[in-house]
Amino acid sequence: MTIAASLPIARRQRNLAPLCVAAATYLLLLVSGDSLLHDPDTLWQIKVGQWILDHRAVPWTDFYSLTHAGEVWLSTSWLSQVLFATTYSCWGWAGPVVLTAAAIALAMGLLLALLQRHLDLPYALVFCLLAMTLAAPHLLARPHVLALPVMVAWAGTLMAAADRGRAPSFLLLPLMALWANLHGGFVLGLALIGAIGLEVLWRAAPARRLALAWRWTAFGLAALVASCCTPYGIDTVLGAARILSLGKSFAVIAEWRPADFSSFSPFAAALLALLGLGLSRGLLLSPPRVLLILVVTWMALAHVRSIETFGVLVPLVLAQPLGGWMRRTASDAPRTLRMAPAALAAVAIVLATASVTATFAAHHTFEFSATQTPVAAVDVLTERKAARIFNSYGFGGYLIVRDIKPFVDGRSELYGEKFLMDYFAAEDGRDVSGLLRMLDDNRIDATLLMPDSPAAQMLDHIRGWKRVYTDKVAVVHVRDTTGGPI
């Protein structure tokens, strides 16, 4: 970033700052790559990707779950899963780490390039750092991260069209098709067409509004068609929308919980900074931009998973209004960087980054989070030939990898609101009778729970169950035919 800040900036020529920021972001994530492997969903994502590669088809029904086998399940992130499976089969855990780090780095580089259309480098860097900080808890080897650069490019290009008072080019549609194959979050991209289109109509001269409305409507319909260019067709949209039907269960799934303000956090700081900016500078925004910021803010408040969206979209929405008083005057602008030296420097940066990647990967073994892989506990279950297992939510992905059908896993849209609410009430100790009913109705012969799970503590004192294994990662209980404690 220091190198990037010292380079000459040209308004009409591409400069090296976005590339430098992308390279710095990538190398930072590479050296801390194990932190990208802290999500149990990564395990089943790779498993599904390998199944797709082996069968040259995408799944339409579930064949992993103990409780929902045979029910409709669409893998709307199939392309991301294939990419993760391919890189994992070639390079082990280094593959998904490099792939994830590259996607995040590309997103940050694109965001900086888009912000520089209106803001000077120091201010654009601040917004990029803010976006990176807000997204940090959710930067994991998951499909949504591979779709992050597509989201940045899509939103930034739509905002660029809005700033010029035009309709977006139809050449943008392949981005939507790519997004729809990478991750179900593409529905946000469809919603942005309407939200940003309102900004264009608001600012346009009355004589141009009807023509612009038709163009944005045509683009929106074309984008909807592009989003169906997947193996699932129109079912892609319907499958992605199923996550919205989870209702109250959002509150019990960690990544969908509301933002927590019991302690100070980067998100709280960002909200206060946004409020202070508006109050101190008297920032005037058009009603559509205000509405867009409010909606994105509400999404981030309602679900911590949307905080990264807040960190990306809000700077893009504010860049053009802030550009008037955050830019240097023309007389203060540095001289233009010549293209030939810039191209040579860009090649040097890319080659150096590739060299560092090869060297680091050759001397460092990336490891998946041990807290998500109850290896020894599952070995015990395998020895006992346990087939019907009641598991903690976070262990579902590992069970799938071990070819054991989990009671529940991270595919929340498959299980639905009622099942998840009943499950978490039982596993959290809020419904003891519900726990016993689940164990009996599903003919559970063993449990695999986290050591601090209330259900695990209760089973220690319930007749008919006994603890047979404990470590720092998991606890195993099995049916006790001798009676056990009351």
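Quick notes
- Screening Gly49 with (1) free of Cβ contacts under 8 Å to residues at least 40 places away in the same chain; (2) surrounded by fewer than 20 Cβ atoms within 10 Å (Cβ to Cβ); (3) closer than 21 Å to Arg402 by Cα; (4) within 20 Å of the chain's Cα centre (by Cα) gives one miss only, at (2).
- Any hit, segment 77-90, residues being in contact with a His (Cβ under 8 Å, 6 or more places away or on another chain) and crowded, with 20+ Cβ neighbours inside 10 Å: yes
- Residues that are more than 30 Å from Leu301 (Cβ to Cβ) and surrounded by 13 or more Cβ atoms within 10 Å (Cβ to Cβ) within segment 229-251 comprise Cys229, Thr230, Pro231, Tyr232, Asp235, listed in sequence order.
- Selected residue [more than 19 Å from the chain's Cα centre (by Cα) and either free of Cβ contacts under 8 Å to residues at least 60 places away in the same chain or closer than 30 Å to Leu414 by Cβ (or both)] from Leu292, Leu277: Leu277
- Filtered residues of segment 203-227 (kept if in a loop (DSSP other than H, G, I, E, B) and modelled with pLDDT of 95 or more): none
- Options Ala361, Ala354, Ala348; residue that is surrounded by fewer than 17 Cβ atoms within 10 Å (Cβ to Cβ), closer than 30 Å to Gly109 by Cβ and under 27 Å from the mean Cα position of the chain (by Cα): Ala354
- Criterion: modelled with pLDDT under 60 and either over 23 Å from the mean Cα position of the chain (by Cα) or of a type in the set (Ser, Thr, Tyr) (or both) - qualifying residue of Ala330, Ala319: Ala330
Rundown of residues vs (1) buried (at least 17 other Cβ atoms within 10 Å of the Cβ); (2) more than 29 Å from Leu79 (Cβ to Cβ); (3) of a type in the set (A, V, I, L, M, F, W, C), yes/no style:
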position: Leu210; (1), (2), (3): no, yes, yes
position: Ala218; (1), (2), (3): no, no, yes
position: Ser227; (1), (2), (3): yes, no, no
position: Ile253; (1), (2), (3): no, no, yes
position: Arg257; (1), (2), (3): no, no, no
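- Selected residue (criterion: modelled with the highest pLDDT) from residues of segment 260-274 that are small (Gly, Ala, Ser) and in a loop (DSSP other than H, G, I, E, B): Ser265
- Restricting segment 155-171 to residues that are part of a helix (DSSP H, G or I) and small (Gly, Ala, Ser) leaves a set whose member that is nearest to the chain's Cα centre (by Cα) is Ala155.
- Residues in segment 196-225 that are of a type in the set (Gly, Ala, Ser) and more than 30 Å from Ala141 (Cβ to Cβ): Gly197, Ala204, Ala205, Ala207, Ala211, Ala213, Ala218, Gly220, Ala222.
- Ala105 vs. criteria surrounded by 20 or more Cβ atoms within 10 Å (Cβ to Cβ), under 15 Å from Ala226 (Cβ atoms) and at pLDDT 95 or above: no
- Only residues that are part of a helix (DSSP H, G or I) and of a type outside the set (A, V, I, L, M) were counted in segment 52-63, giving 2.
The values are calculated or read from the model by the stated rules, or taken from the named source; none is laboratory data. A quick note: this is a predicted structure, and the numbers were derived from the prediction, not measured. Positions of Cβ are generated from backbone atoms using ideal geometry, with glycine treated the same way; all protein chains shown enter the neighbour counts.
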